[in-house]
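The values are calculated or read from the model by the stated rules, or taken from the named source; none is laboratory data. Bear in mind that the values here come from a model prediction, so they are computed numbers and not experimental data. Quick reminder, even Gly has a Cβ in these numbers, built from the backbone with ideal geometry, and neighbours come from all protein chains shown. With ligands, DNA and RNA removed, areas are computed over all heavy atoms of the protein, side chains included. Shrake-Rupley method; radii C 1.70, N 1.55, O 1.52, S 1.80 Å.
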Amino acid sequence: MRKAEMNRKTYETDIVLLLNIDGKGNTKVDTGIGFFDHMLILMCKHGFLDLDLKCIGDIYVDNHHTVEDVGITLGKAFKKAIGDKKGITRYATVFTPMDESLSQISIDISGRAYLHFDVTFEREYVGKLETELIEEFFRAFTNQAEITLHIQLNYGTNTHHMVESIFKGFGRGIDQAVRIQDRIEGVLSTKGSL
């Protein structure tokens, strides 16, 4: 199984996590931010990722450091777990409905970090999570995992549903992109490496 354990400690956060990208969607997540925990849990459930994550962050300041640092640490763990990328499908595009909301997530496990985030939220918060931090999480993950990620919200009116559609879609996309295909010899690239 493709797994990675990661510890990251700064003056702002102390994070310990264990990620299994060949999991069943089992989670134990505690960041101190309820709605963020909820999003990480459903991302893993729909992406069949096992995640054990504990983050003690300076949320008395605000949530920024916690959300960004979880993205950094999870991205590093993903990159380590994916290994040499031999045999992986590499690409995925998924549409995910959540009631009135619909998102499109496109992923390329390319070895190049790029995020396109085409989402506008009408509300500043969902629960106690600032909606502007959603992009920060995905940017941090993308930079450390070295993936290309396009996130587009096609439409939606309920901010909770919009965010949920994005996280579920991201999990589904990761699940598809990391799948091993026995027809792929080495890595899926004419360059011979990713």
**Asked** Out of all the residues in the stretch 160-184, which are at pLDDT below 95 and open to solvent by less than 60 Å² (accessible area, probe 1.4 Å)?
**Response** ILE184
**Request:** Please work out which residue is farthest from HIS161 (Cα to Cα), limiting yourself to the stretch 85-97 and to residues that are open to solvent by 30 Å² or more (accessible area, probe 1.4 Å) and part of a strand (DSSP E or B).
**Result:** TYR91
**Request:** Taking the residues in the stretch 1-35 that are within 29 Å of LYS86 (Cβ to Cβ) and of a type in the set (Val, Ile, Thr) as candidates, determine which candidate is surrounded by the fewest Cβ atoms within 10 Å (Cβ to Cβ).
**Result:** VAL16
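Restricting attention to the stretch 112-128, report how many residues are in a loop (DSSP other than H, G, I, E, B) and touching a strand residue (DSSP E or B) at 6+ places or on another chain (Cβ under 9 Å).
Step one: of the stretch 112-128, the residues in a loop (DSSP other than H, G, I, E, B) are 112-113, 119-124, 127-128.
Still in the list and also touching a strand residue (DSSP E or B) at 6+ places or on another chain (Cβ under 9 Å): 112-113, 119-121, 124.
Summing the residues that are in a loop (DSSP other than H, G, I, E, B) and touching a strand residue (DSSP E or B) at 6+ places or on another chain (Cβ under 9 Å) in the stretch 112-128 gives 6.
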**Asked** Regarding PHE121, is this residue under 25 Å from THR89 (Cα atoms) and surrounded by 14 or more Cβ atoms within 10 Å (Cβ to Cβ)?
**Response** no
**Item:** Residue within the stretch 98-111 that is surrounded by fewer than 16 Cβ atoms within 10 Å (Cβ to Cβ), at pLDDT 95 or above and out of contact with any helix residue (DSSP H, G or I) (no Cβ under 6 Å at 6 or more places or on another chain) present
**Value:** yes
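Residue-by-condition table, conditions (1) in contact with a helix residue (DSSP H, G or I) (Cβ under 8 Å, 6 or more places away or on another chain); (2) within 28 Å of GLY83 (Cα to Cα):
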site: TYR114; (1), (2): yes, yes
site: ASP118; (1), (2): no, no
site: GLU122; (1), (2): yes, no
site: GLU130; (1), (2): yes, no
site: ILE134; (1), (2): yes, yes
site: THR142; (1), (2): yes, yes
site: ALA145; (1), (2): yes, yes
site: THR148; (1), (2): yes, yes
**Prompt:** Taking the condition among the acidic types (Asp, Glu), over 17 Å from SER106 (Cα atoms) and over 16 Å from the mean Cα position of the chain (by Cα), does GLU136 pass?
**Reply:** no
**Filter pass, ALA177 being in contact (Cβ under 8 Å) with a residue 60 or more places away in the chain, in contact with a Lys or Arg (Cβ under 7 Å, 6 or more places away or on another chain), under 24 Å from THR66 (Cα atoms) and not aromatic (Phe, Trp, Tyr)** = no
**Message:** Condition check: in a strand (DSSP E or B), surrounded by fewer than 19 Cβ atoms within 10 Å (Cβ to Cβ) and not aromatic (Phe, Trp, Tyr). Does THR157 satisfy that?
**Reply:** no
**Asked** Take the residues of the stretch 36-77 that are open to solvent by less than 10 Å² (accessible area, probe 1.4 Å) and assigned to a strand (DSSP E or B): which is nearest to ILE147 (Cα to Cα)?
**Response** LEU51
**Complete:** Within the stretch 66-81, the residues that are in contact with a helix residue (DSSP H, G or I) (Cβ under 8 Å, 6 or more places away or on another chain) and among the aliphatic types (A, V, I, L, M) are VAL67, VAL70, ILE72, LEU74
